[in-house]
1. For segment 47-55, does any single residue satisfy the condition of being β-branched (Val, Ile, Thr) and either free of Cβ contacts under 8 Å to residues at least 24 places away in the same chain or under 20 Å from Ala13 (Cα atoms) (or both)?
2. Name the single residue that is most open to solvent (accessible area, probe 1.4 Å) among those in segment 22-52 being within 20 Å of Val79 (Cα to Cα) and either outside any helix (DSSP H, G or I) or hydroxyl-bearing (Ser, Thr, Tyr) (or both).
3. Please count how many residues of segment 81-100 are under 27 Å from Thr16 (Cβ atoms) and open to solvent by less than 60 Å² (accessible area, probe 1.4 Å).
4. When you look at Pro77, is it open to solvent by 90 Å² or more (accessible area, probe 1.4 Å) and either aliphatic (A, V, I, L, M) or in contact (Cβ under 8 Å) with a residue 24 or more places away in the chain (or both), yes or no?
5. Given the criteria of a type in the set (Val, Ile, Thr) and in contact (Cβ under 8 Å) with a residue 12 or more places away in the chain, does Thr28 qualify?
6. Could you check, for segment 62-69, whether at least one of its residues is open to solvent by 90 Å² or more (accessible area, probe 1.4 Å), assigned to a helix (DSSP H, G or I) and at pLDDT 95 or above?
Amino acid sequence: MKPAGDQPAGTIASATEIARDVAGGRRTAADVLAECRRRHEQCGPRLNALVQPRWRAAAHEAAAIDEALVRGEVGGPLVGVPVSVKECFAVRGLSTTLGI
């Protein structure tokens, strides 16, 4: 991910910084997601950290966030921050495997 605000290059932005930048219009949720996806494509094969990626659904959700912000609708405290959820929690459309 590119640095937020005045961070030096190579620094990963915190969730708070990402949310602040998205809410403030300095970055879009779609751009943040694309940056996360590029990072995953670089590191993912080695780490095997995302077992059930849902990039298409996340892209639709990011676009909806961006459209809502353009309309002036205020998001939550972590608006535009991508998250990864372990499979021990039920997520609509994904298998809940409990890590098995």
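1. In the first step, residues of segment 47-55 are kept if they are β-branched (Val, Ile, Thr); the result is 51.
Then keep just the ones that are either free of Cβ contacts under 8 Å to residues at least 24 places away in the same chain or under 20 Å from Ala13 (Cα atoms) (or both); that gives none.
For segment 47-55, residues β-branched (Val, Ile, Thr) and either free of Cβ contacts under 8 Å to residues at least 24 places away in the same chain or under 20 Å from Ala13 (Cα atoms) (or both): absent.
2. Among them, the one singled out is Arg26.
3. Count: 5.
4. It is true that Pro77 is open to solvent by 90 Å² or more (accessible area, probe 1.4 Å) and either aliphatic (A, V, I, L, M) or in contact (Cβ under 8 Å) with a residue 24 or more places away in the chain (or both).
5. Yes; evaluated as a whole, the condition is true for this residue.
6. yes
The values are calculated or read from the model by the stated rules, or taken from the named source; none is laboratory data. Being a predicted model, the structure only gives us computed values, none of them experimental. Ideal geometry is used to build each Cβ from the backbone, glycine not excepted, and the neighbour counts take in all protein chains shown. All accessible areas refer to the heavy atoms of the entire protein, side chains included, with ligands and DNA or RNA removed. Shrake-Rupley method; radii C 1.70, N 1.55, O 1.52, S 1.80 Å.
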